[in-house]
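Participant: Sending over a structure as C-alpha cells; questions will come in a sec.
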Amino acid sequence: MFSKILIANRGEIACRIIQTAHRMGIRCVAVYSDADASARHVAMADEAFHIGPAPSSESYLRGEKIIEIAKQSGAQAIHPGYGFLSENTGFAEACEANGIVFIGPPSSAIAAMGSKSAAKAIMEKAGVPLVPGYHGKDQSPDVLRAEAEKCGFPLLLKAVAGGGGKGMRVVENMSEFDDALAAAQREARNAFGNPDMLIERYLTQPRHVEIQVFCDQDGNGIYLAERDCSVQRRHQKVLEEAPAPGLTEETRKAMGEAAVRAAQAINYVGAGTVEFLYDVDGSFFFMEMNTRLQVEHPVTEMVTGQDLVEWQLKVAWGEPLPLHQDQVKTRGHALEARIYAEDPDQDFLPATGTLRYLSTPDESAHVRVDTGVTEGDEISIHYDPMIAKLIVWDETRDQAINRMVQALEHYRIAGVKTNIRFLHALADAQPFREADLTTNFISAHEELLFPKSRLDTHKALVLAAGFVLEQRKSSEPVTADPWSPFSRKNSWRMNSEYAQPLKLQVGDDIHELKILERDDRYQVFVGDSVYHLNAKLDDDYLQAVVNGHRISVHGNLHEDQLVLFYEGDTFKCTVYRETYGFEEMAGEGSLAAPMNGAIVAVQAKVGDKVSAGQTLVIMEAMKMEHAIKAPADGVVSEIFFAEGDQVSEGAELIAIETEEAE
Ligand code: MV4
C-alpha cells in the first residue's frame with residue numbers, strides 16, 4: 001500500500017480523504033493557497049505546501065506545481081478529490097508521465113465521457129438505455145429537423161459539449177424548432193466553442209438517479225447501490241439520498257448492471273458515477289458519467305457500510321475490489337444535506353464572511369458531519385460556498401428524515417448566511433416525506449420552503465432580552481464597577497424594582513423594551529404587552545419560560561449582533577447600549593457615555609465626595625451638551641477620560657464608590 005499520498009484539493013473532501021488515509025496508516029501531504037494557510041485540511045495533514053495565491057487558477061489548478069511537490073515530498077500518488085483537477089485528462093496524464101499514481105480512472109476514460117454524443121455512442125454499443133433521439137455527427141439543419149420529427153415532441157436540444165444544463169432548449173413543436181436550434185447553437189458556441197447539438201425526447205417529470213460504480217485494474221466492476229439526487233436547484237444538488245425511494249429490486253439491478261457495462265465499456269478504474277434520468281414508469285436512461293468520487297458519496301457509504309476512499313486507495317494500489325457484487329448489501333436509509341453559505345431570501349446569492357460562531361450536531365452512528373472549516377474560518381469568494389455536508393442514517397427513510405430535521409436544528413452558524421433553515425423546511429416538507437421527487441421539486445414547492453419564522457417577533461424579543469441580560473450578568477465580575485446598572489452588587493437595583501430600557505433592532509424595526517427585574521425574574525414590556533420571563537443562561541444555551549411557555553434557544557452575542565437559534569430557525573437583532581434619557585440618567589445612574597461623543601468637561605477629581613444628582617462630566621454629542629450626573633452619594637474612585645477625549649457609546653466614564661457598595 002502507498003505510504004504517502006498528496007491530496008490536490010481543499011475543504012471537506014481533502015479532510016475526508018486524509019481521515020481515511022490516516023486510518024490506513026498512510027501519510028498525507030496537503031497543498032494550500034494563501035487563503036487556506038490555517039485551514040483544517042492543512043492542520044490535519046502530516047505536511048503541507050503553499051502553492052500560490054487564493055484564486056484556484058493560481059493554486060489548486062496548478063497541476064505542474066502540485067506534481068512537483070508530490071515528487072519533492074515523496075508522495076507516491078495524488079488524490080484529486082472532486083472539482084479542480086479531478087477530471088482533467090492532462091493532469092491525469094502528467095501524473096502518469098512523472099511516475100505518480102493518479103487516484104482516479106485512466107485519462108482515456110475521462111476523455112471518453114467528455115463529449116455527450118461520443119458518450120452516447122459508446123453507451124448505445126454497450127447496451128445502456130438511452131433517451132430516444134439523435135446523437136449523430138451530421139449537424140446540417142435538414143438532418144436535425146428530420147431527426148426532430150422522428151423523435152417527437154416535446155424534445156430537448158442539448159449541447160454535445162454541454163454540462164450542468166447549459167445549452168439546453170425544450171422544443172414543444174416543429175414550428176418552434178428552427179428558432180430554438182439557432183438559440184441553443186449560439187449559446188453552446190459561446191459557452192463551449194462547439195455548437196453541435198443532440199436531440200432527445202424531453203422527459204417532463206424525471207428523477208435524477210445515479211449508480212455508484214467501482215472497477216479494479218483487472219477489469220472487474222460492481223455497483224454499490226444508487227442515490228437519488230432529484231432535489232436540485234439550478235443544477236446544484238441540495239439533498240441526496242440512498243437508496244432511491246420506490247425503485248423496485250428489478251430496476252435497481254437493471255440500472256446497476258447497465259452502469260457497470262457503461263464503466264467497463266470505457267475500461268474504467270476506480271470510483272465512478274453513472275447518472276440516469278428515471279421516469280415515473282420505472283424506465284431509465286443514461287445521462288452522463290462522472291469520472292470522480294462525488295460530493296454525495298457518503299450516503300452510499302452509510303447504507304453499504306463501506307469506505308469508498310479506502311476502496312479508491314486499494315484499487316489505485318492494484319488490489320482487487322474488496323467485495324463481489326453479491327456481497328454488497330445495503331441497510332437502512334441515508335440522507336445528505338449540503339450546507340451552503342448563501343442567502344435563500346436573495347435568490348440563493350452566495351454569502352461570505354467569518355464563521356464567528358459554529359456549533360455542529362454531535363456525530364454518532366446516525367449523524368456524520370463532513371466539513372473543512374472550524375469556528376473563526378472565513379468563507380471567501382474564492383471557492384465553492386459549501387460549508388459542510390450533513391449526513392444522517394436510520395433504519396427507514398422516515399426515521400432518517402427525522403434525524404435530518406433534528407441534526408439541522410443542532411447545526412448553528414452565525415456570521416455567515418446559510419441555507420440551514422431552507423434545508424430544514426425541505427427535509428420536513430410533506431411532499432419530501434412522501435418521496436414525491438422530481439427534478440423540479442424545489443420550484444414546485446416553493447410555498448413550503450420559505451416558511452414564516454417559528455417564533456413570533458415579541459417572543460423572540462423577550463428571549464433576546466433574556467439572553468442579553470443574563471450574559472451581562474455572567475460576564476461582569478461581581479466586584480467590578482458597582483455603579484454599572486448591570487452589576488449584581490448594585491444594591492439600589494437589587495433591592496428595588498428597577499426599569500431598564502433595552503433597544504433592539506430587527507431589520508429596519510427598532511423595538512424599545514422596558515425591563516423590570518426582581519428576584520432574578522423579569523417583566524419585559526414590548527409595545528403594549530408585558531411578558532413574564534424566567535431565564536437561565538448556560539454558556540450559549542438559554543433556558544427560558546415566557547408567560548408559562550418553556551422555550552430553549554441557543555444564542556451568540558458578538559459585539560452588538562445577537563443571533564438566537566430555535567428549531568433550525570435564526571432570529572437576528574442588533575443590541576444597542578442602554579439609551580437613557582438624561583433625566584432618567586440622573587435618577588437612575590448610568591455613568592456610561594450615552595452615545596459617541598467628546599468629553600467637554602470633567603467636573604470632579606478622584607477622591608471628591610459627590611452627592612446624588614451632581615454633574616460629574618459634560619459630554620458633547622450631535623452638537624448638544626449632556627450632563628452625566630452622580631446616581632447616588634459617594635466618592636469618585638476613578639476617572640477614565642479627560643477633557644477633549646473622544647468616547648464611544650457605552651464607555652464607562654467615571655467610577656464612584658458608595659457606602660452600600662462596601
Ligand atoms: C434531460 C431532462 C429531461 N429530458 N434530458 C439537466 C442537466 C443535464 N446533465 C441533463 N439534464 C436534463 N436532461 C431529457 N431528455 C431533464 C434534465 C434536467 C435535470 C436532470 C437531472 C437533475 C436535474 C435536472 C434539472 C433540470 C433538467
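Participant: Under the definition of Cα pairs under 8 Å and six or more residues apart, what whole-number percent is the relative contact order of region 282-388? Mind showing how you got there, number by number?
Facilitator: On the way: 96 pairs, mean separation 23.6, N = 107.
Relative contact order here is 22 percent.
Participant: Long-range amide H contacts for M595: which residues qualify at under 5 Å (H placed 1.01 Å from N, peptide plane, sequence gap of 5 or more or a different chain)?
Facilitator: Close amide H contacts, sequence-distant or interchain: G650.
Participant: Return an integer: the convex hull volume of the alpha-carbon atoms of region 77-157, in Å³ per residue. Let's see the in-between values first.
Facilitator: Values: hull volume 10.8 nm³, N = 81.
Cα-based convex hull of region 77-157, divided per residue, equals 134 Å³.
Participant: Another question, then. For H511, what residues show an amide H to amide H distance below 5 Å, using hydrogens built from the backbone and excluding near sequence neighbours?
Facilitator: Distant-sequence amide H within range of H511: L504, Q505, V506.
Participant: With θ taken as phi - 60° and the coefficients 6.51, -1.76 and 1.60, list the Karplus ³J(HN,Hα) couplings across region 416-429 in order, rounded to whole Hz; mark glycine and proline as x.
Facilitator: With the stated coefficients, region 416-429 comes to 9, 5, 9, 9, 4, 5, 4, 4, 4, 5, 5, 5, 8, 5 Hz.
Participant: Suppose a student asked you for the relative contact order of the chain, using Cα pairs under 8 Å spaced at least 6 residues apart; what percent would you report? Spell out each step's value before the answer.
Facilitator: Details: 1456 pairs, mean separation 55.3, N = 662.
Answer for the chain is 8 percent.
Participant: Just the ratio, please: alpha-carbon radius of gyration of region 220-344 over 2.2 N^0.38 Å, N its number of residues. Don't jump to the answer; show the numbers that get you there.
Facilitator: Numbers: Rg = 14.7 Å, N = 125, 2.2 N^0.38 = 13.8 Å.
Normalised Rg, Cα atoms only: 1.06.
Participant: Follow-up question, since we're still on this one. For region 592-658, how big is the tail of P(r) above 18 Å, as a whole percent of Cα pairs? Before the final figure, lay out the partial values.
Facilitator: Working: 604 of 2211 pairs.
The answer is 27 percent, as a whole percent.
Participant: Which of the peptides 386-399, 454-467, 277-290 is most tightly packed, and how do the rest follow, going by the mean number of other Cβ atoms within 10 Å of each residue? The partial results should precede the final answer.
Facilitator: Working: 386-399: 20.4, 454-467: 22.1, 277-290: 18.6.
Highest-to-lowest ranking by the protection proxy: 454-467, 386-399, 277-290.
Participant: Shifting gears a bit: Work out the FRET efficiency for I381 and S552 from their Cβ-Cβ distance, taking R0 = 35 Å, and round it to the nearest 0.05. It would help to have the intermediate numbers written out before the result.
Facilitator: Values: r = 36 Å, r/R0 = 1.03.
That pair, I381 with S552, gives E of 0.45.
Participant: Rounded to the nearest 500, what is the 222 nm mean residue ellipticity of the chain from helices alone, with -39500 (n - 2.57) per DSSP H run of 4+ residues and division by all residues?
Facilitator: Numbers: 19 runs with 183 residues, N = 662.
It comes out at -8000 deg cm²/dmol, rounded to the nearest 500.
Participant: Using 0.36 nm times the number of residues separating Q19 and Q205, minus their current alpha carbon distance, what extension gain do you get?
Facilitator: Numbers: separation 186, 0.36 × 186 = 66.96 nm, distance 3.92 nm.
Extending this stretch completely gives an extra 63.0 nm.
Participant: What is the packing order of peptides 137-148, 544-555, 629-640, 99-110, taking the mean over residues of other C-beta atoms within 10 Å and listing the highest first? Intermediate results must be reported in sequence, preceding the final value.
Facilitator: Values: 137-148: 13.6, 544-555: 16.4, 629-640: 18.2, 99-110: 21.9.
Put in order of decreasing packing, that is 99-110, 629-640, 544-555, 137-148.
Participant: Write down, largest first, the equivalent ellipsoid semi-axes of region 225-275 in whole Å, where each equals the square root of 5 times an eigenvalue of the alpha-carbon gyration tensor. Don't skip to the answer; put the middle values down first.
Facilitator: Numbers: eigenvalues 92, 52, 12 Å².
In descending order the semi-axes read 21, 16, 8 Å.
Participant: What is the distance, in nm, between label points placed 7 Å from the Cα along the Cα-to-Cβ direction at H532 and at M1?
Facilitator: 6.3
Participant: Quick check: Cα centre of region 202-268 to Cα centre of region 549-578, how many Å?
Facilitator: Rounded to whole Å, the Cα centres lie 43 Å apart.
Participant: Moving on to the next point. Which value results for Rg/Rh of region 146-243 when Rg is the Cα radius of gyration and Rh the Kirkwood radius based on the inverse mean 1/r? Walk me through the numbers on the way to the answer.
Facilitator: Numbers: Rg = 16.8 Å, Rh = 15.6 Å.
Using Cα coordinates only, the ratio equals 1.08.
Participant: Turning to a different aspect of this structure: Taking loop as defined by DSSP and a crowding limit of 15 other beta carbons within 10 Å, which trypsin sites (Lys or Arg not before Pro) in region 29-97 fit?
Facilitator: On the way: sites: R40, R62, K65, K71; in loops: R62.
Within region 29-97, no trypsin sites (Lys or Arg not before Pro) qualify (loop, at most 15 other Cβ atoms within 10 Å).
Participant: Which one of A148, A188, V171 has its Cα pushed farthest toward the positive end of the charge dipole of region 132-201, where Lys and Arg give +1 and Asp and Glu give -1 at the Cβ?
Facilitator: With unit charges placed on the Cβ atoms, the residue in question is A188.
Participant: Once you have the Cα-Cα distance between A598 and D633, take 0.36 nm times their residue separation minus that, and quote the gain in nm to one decimal.
Facilitator: Details: separation 35, 0.36 × 35 = 12.60 nm, distance 2.55 nm.
The A598-D633 span can extend by a further 10.0 nm.
Participant: Another question about this same structure. Relative contact order of region 132-201: what whole-number percent is it, with Cα pairs under 8 angstrom and at least 6 residues apart? Mind dumping the intermediate values first?
Facilitator: Working: 122 pairs, mean separation 29.6, N = 70.
With pairs under 8 Å counted, the relative contact order is 42 percent.
Participant: Give the span of the chain's Cα atoms along each principal axis, as three whole-Å numbers ordered largest to smallest.
Facilitator: Computed over the chain, the largest-to-smallest principal extents equal 98, 59, 47 Å.
Participant: Treat every Asp and Glu Cβ in region 247-310 as -1 and every Lys and Arg Cβ as +1, leave all other atoms uncharged, and give the resulting dipole magnitude about the Cα centre to the nearest 20 debye. Numbers along the way, then the final one.
Facilitator: Values: 4 positive and 11 negative charges, 42 e Å.
Result for region 247-310 is approximately 200 debye, rounded to the nearest 20.
Participant: Which three extents, in angstrom, do the Cα atoms of region 89-217 have along their principal axes, listed largest first?
Facilitator: Between the extreme Cα coordinates on each principal axis of region 89-217 lie 56, 29, 23 Å.
Participant: Residue farthest toward the positive end of the dipole of region 281-379, with Cβ of Lys/Arg at +1 and Asp/Glu at -1: which of W317, F348, M289?
Facilitator: W317
Participant: Among D178, D540, which comes first, then next, by fewest other beta-carbon atoms within 10 Å? Don't skip to the end; give the middle numbers.
Facilitator: Numbers: D178 14, D540 17.
Going from least to most buried by this count: D178, D540.
Participant: Rg (Å, one decimal) plus Dmax (Å, integer) for the alpha carbons of region 132-201?
Facilitator: Looking at region 132-201, its Cα Rg and Dmax stand at 10.6, 28 Å.
Participant: Return the FRET efficiency for the residue pair V280, D519: r is the Cβ-Cβ distance, R0 is 60 Å, and the value is rounded to the nearest 0.05.
Facilitator: Numbers: r = 64 Å, r/R0 = 1.07.
Computed FRET efficiency for V280 and D519: 0.40.
Participant: Next question. Would you mind working out the magnitude of the charge dipole of region 318-418 relative to its Cα centre, with +1 at each Lys and Arg C-beta and -1 at each Asp and Glu C-beta, to the nearest 20 Debye? Please list the in-between numbers first.
Facilitator: Numbers: 10 positive and 18 negative charges, 38 e Å.
Roughly 180 debye for region 318-418.
Participant: Placing +1 at every Lys and Arg Cβ and -1 at every Asp and Glu Cβ, with all other atoms neutral, what dipole size does the chain have around its Cα centre, in debye to the nearest 20?
Facilitator: 1540
Participant: Another one. What is the distance, in nm, between label points placed 7 Å from the Cα along the Cα-to-Cβ direction at E124 and at D456?
Facilitator: Spacing of the two 7 Å Cα→Cβ label points: 6.5 nm.
Participant: In sequence order, what are the phi-derived ³J(HN,Hα) couplings for region 345-357 according to the Karplus relation 6.51 cos²θ - 1.76 cosθ + 1.60 with θ = phi - 60°, rounded to whole Hz, with x for glycine and proline?
Facilitator: Whole-Hz 3J(HN,Hα) from phi for region 345-357: 7, 10, 6, 6, 4, x, 10, 10, x, 9, 6, 7, 9.
Participant: Let me ask something else. Calculate the spin-label point distance for Q217 paired with K253, positioning each point 7 Å from the Cα along the beta-carbon direction, and give it in nanometres.
Facilitator: 3.3
Participant: Using amide H atoms built 1.01 Å from N in the peptide plane, name the residues 5+ places from G270, or on other chains, whose amide H lies under 5 Å from its own.
Facilitator: C215, D216
Participant: Can you compute the FRET efficiency between K329 and R234 using 1/(1 + (r/R0)^6), with r the Cβ-Cβ distance and R0 = 45 Å? Round to the nearest 0.05.
Facilitator: Working: r = 36 Å, r/R0 = 0.79.
The computed FRET efficiency comes out at 0.80.
Participant: Once you have all Cα-Cα distances for region 353-471, histogram them in 10 Å bins from zero and send the whole-percent values.
Facilitator: 11, 33, 37, 17, 1
Participant: While we're looking at this one, here's another question. Return, for the Cα atoms of region 4-103, the radius of gyration and Dmax in Å, separated by a comma.
Facilitator: Rg, Dmax (Cα atoms, Å): 11.9, 32.
Participant: Full extension from S443 to N173: what is 0.36 nm times the residue separation minus their Cα-Cα distance, to one decimal in nm? Don't skip to the end; give the middle numbers.
Facilitator: Values: separation 270, 0.36 × 270 = 97.20 nm, distance 2.44 nm.
Between S443 and N173, full extension yields 94.8 nm more.
Participant: Short version: ³J(HN,Hα) in whole Hz for each residue of region 225-237, in order, from phi by Karplus 6.51 cos²θ - 1.76 cosθ + 1.60 (θ = phi - 60°), x for Gly and Pro, what are they?
Facilitator: So the J values, rounded to whole Hz, are 6, 10, 10, 9, 10, 5, 7, 10, 9, 6, 6, 9, 5.
Participant: Right, another one. Could you quote the convex hull projected area for region 207-450, Cα atoms only and averaged over all directions, in nm²? Before the final figure, lay out the partial values.
Facilitator: Working: hull surface 51.9 nm².
That works out to 13.0 nm².
Participant: If you don't mind, another one. Residues in region 119-141, backbone N under 14 Å from the label point at N194 (7 Å along the Cα-to-beta-carbon vector): list them, ranges by number please.
Facilitator: 119-122, 135-139
Laboratory data are not the source of any read-out in this text; all were calculated from the coordinates shown. Since the structure is predicted, the reported quantities are computational estimates derived from the model, not experimental observations. Note that we place each Cβ from the backbone using ideal geometry, even for glycine, and neighbour counts take in every protein chain shown.
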